[in-house]
Amino acid sequence: MRPTSGKHAAVAEEQQQRHLSYSPKKSKKLEIRTTLQSVKTHISSHRWAWLTATISLQLLLFLLLSRASPSPPLSPTTTTLPSTQHRQIETTSPTGPDDVCQFGRVYIYDLPPMLNEDLLQNCHEIDPWSSRCNAVSNDGFGPPAVGLDDVVPRNLTPAWYWTDMYSAEVIYHERMKNHICRTMNQDEATAFYIPFYAGLAVGRYLWFNYTSKDRDFHSVTMLNWVKSQSPWMKSNGSDHFMVFGRLTWDFRRLTDNDDEWGTRFIYMPLMKNVLKLSVERSPWDPLEISIPYPTAFHPRSESDIRLWQDFIRSRKRTNLLTFVGATRKKIKNDFRTVLMSYCKNESSWCGVVDCSVTRCYDGAPAILQGFLDSDFCMQPKGDGSTRRSAFDCMLAGTIPVYFWRGSFENQFEWHLPAAYDKYSVFIDNNDVRNDSSIIKKVLEKYSREEVKKMRDRIIDLVPKFLYSRPNVNLGKYVDAFDITMDEVLIRFSRQKMFNHGQ
């Protein structure tokens, strides 16, 4: 794929440095130091020593009292805006709207129905192979899951759905409609959300004899509409964002050749300033951020999360490793075939869920069961470098084993820590092709205590890649949507402060 220009990255870095260079704490320290030096010149050394000791005792008392008291929430005018990546997984519940919306408010465009609502109404037409009506039902969660009574705790089964891996566009739109920081006043907004279902719109045109013009039709229609909106004209789209339910590569067609895959939506000139949220981002685009693939578990409460965490923490696992997937015979030197053959030959410690035999689309009891029974799970490339299965794996408290760095590097940075080796394993695919036995050799080097620490880390991360229903109270937890929206508003708030400071 052709990398985009580094201009945006340079501007973003400059903005961040400008933002970080101003520190109210540093300014206050300089002011205090200057004042003390001025006082010192007007008093004797004996009195200065006495005064210094007195001030030191007062500062010590102040610090002790400060530590005993909870820190006040940031005000809307606070210059330094914290990133949710550095928050605790469990956070105190906000005390009021001003605290919740300290980073700004979001406005949702009311798009022409053909760009979202009509796609849902005509769900049987948006895929050439089969109806997508199940996939987009229940606010994007899909149909309630069945067959899990013997796999998950009984009182959690109503929180499980057969959720489509590409349903994020619908899920985010439904959550946005109920967002506490939504505003109906464009002048109040820090961010502008474009609820265009780009992935659903292009789905039916990706195969057969459709032209590049067919694939671009909905995208061109959306951009022609939004470019006439007042907020867009003020910012040229730089405070606008979208959610892409499909991989970024489906929207990055390079030419207008009818035989080339996808739409050129992201490369259209009007999209150059728009922030893009997709389930797999381009590592060369600083204006694209990856968000977690939707999984099957959608907690209804804080207790749902805690119960599930306790369940996967106490689970007894009989396999060292599991592979879930199907081989791709049309692909030359298919790496999945290597993994499948290896695992089947090592069946005493390696479990297999063969998706050419077991129905794996949108999840299945066998998939969850396979992950729950294992310490590690193999995660080769999917349709792109990343895979929904990696989140299904971690949801079960299982440690993912990656074979390409692109499967985890520069992906999901808002939701997963950069210290990947604390909760995942990397084995180069070329090493495995040369000698597949290296997989077991690497994994057996981890002690039981190290495996437990990695699993505990994953269990702590679980809430950060779940999607709850709209208007659900998760108590002290924040889910993937909450984290995403906080980060979007923080980003645009910083951008706004930078622009006003120029």
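The values are calculated or read from the model by the stated rules, or taken from the named source; none is laboratory data. From a predicted model like this one, the values you see are computed outputs, not experimental measurements. A quick note on method: Cβ atoms are made from the backbone with ideal geometry, for glycine too, and the neighbour counts reach across all protein chains shown. In case anyone asks, the SASA skips ligands and DNA or RNA and just uses the protein heavy atoms, side chains included. Shrake-Rupley method; radii C 1.70, N 1.55, O 1.52, S 1.80 Å.
Values for this structure:
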| read-out | value |
| --- | --- |
| Selection count where residues are touching a helix residue (DSSP H, G or I) at 6+ places or on another chain (Cβ under 9 Å), open to solvent by less than 20 Å² (accessible area, probe 1.4 Å) and in a loop (DSSP other than H, G, I, E, B), scope region 347-369 | 1 |
| Per-region count, region 157-212, residues modelled with pLDDT of 95 or more, open to solvent by less than 40 Å² (accessible area, probe 1.4 Å) and assigned to a helix (DSSP H, G or I) | 17 |
| Answer residue from region 454-502, given it is small (G, A, S) and assigned to a helix (DSSP H, G or I) and is modelled with the lowest pLDDT among those | G501 |
| Residue match in region 225-245 (condition: in contact with an Asp or Glu (Cβ under 8 Å, 6 or more places away or on another chain), of a type outside the set (D, E) and assigned to a loop (DSSP other than H, G, I, E, B)) | yes |
| Matching entry among F408, F412, F403 (being on the phi > 0 side of the Ramachandran plot and buried (at least 17 other Cβ atoms within 10 Å of the Cβ)) | F412 |
| Residues (at pLDDT below 95 and loosely packed, with under 12 Cβ neighbours inside 10 Å) located in region 322-346 | K329, K330, I331, K332, N333 |
| Considering residues of region 312-321 that are crowded, with 16+ Cβ neighbours inside 10 Å and not charged (D, E, K, R) only, the residue farthest from R448 (Cα to Cα) | I312 |
| Region 135-156 - residue that is open to solvent by less than 40 Å² (accessible area, probe 1.4 Å) and β-branched (V, I, T) and, of those, farthest from P463 (Cα to Cα) | V136 |
| Wholly enclosed helices (runs of 4 or more DSSP H) of region 70-146 bearing at least 3 residues at pLDDT 90 or above and under 30 Å from S238 (Cα atoms) | 117-121 |
| Conditions (1) closer than 22 Å to S278 by Cα; (2) surrounded by 15 or more Cβ atoms within 10 Å (Cβ to Cβ); number of the one not met by A419 | (2) |
| Subset of region 435-476 (residues that are open to solvent by 90 Å² or more (accessible area, probe 1.4 Å) and out of contact with any Asp or Glu (no Cβ under 7 Å at 6 or more places or on another chain)) | K441, E444, K445, R448, E449, K452, K453, N471, N473 |
| Any chance I439 is at pLDDT 95 or above, touching a helix residue (DSSP H, G or I) at 6+ places or on another chain (Cβ under 7 Å), within 30 Å of P231 (Cβ to Cβ) and not charged (D, E, K, R) | no |
| Residue within region 413-432 that is touching a helix residue (DSSP H, G or I) at 6+ places or on another chain (Cβ under 6 Å), part of a loop (DSSP other than H, G, I, E, B), farther than 30 Å from V136 by Cβ and of a type outside the set (D, E) present | yes |
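Every residue, every condition in (1) open to solvent by less than 20 Å² (accessible area, probe 1.4 Å); (2) more than 24 Å from the chain's Cα centre (by Cα); (3) not small (G, A, S), yes or no:
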site: S230; (1), (2), (3): no, yes, no
site: N236; (1), (2), (3): no, yes, yes
site: D259; (1), (2), (3): no, yes, yes
site: M268; (1), (2), (3): yes, yes, yes
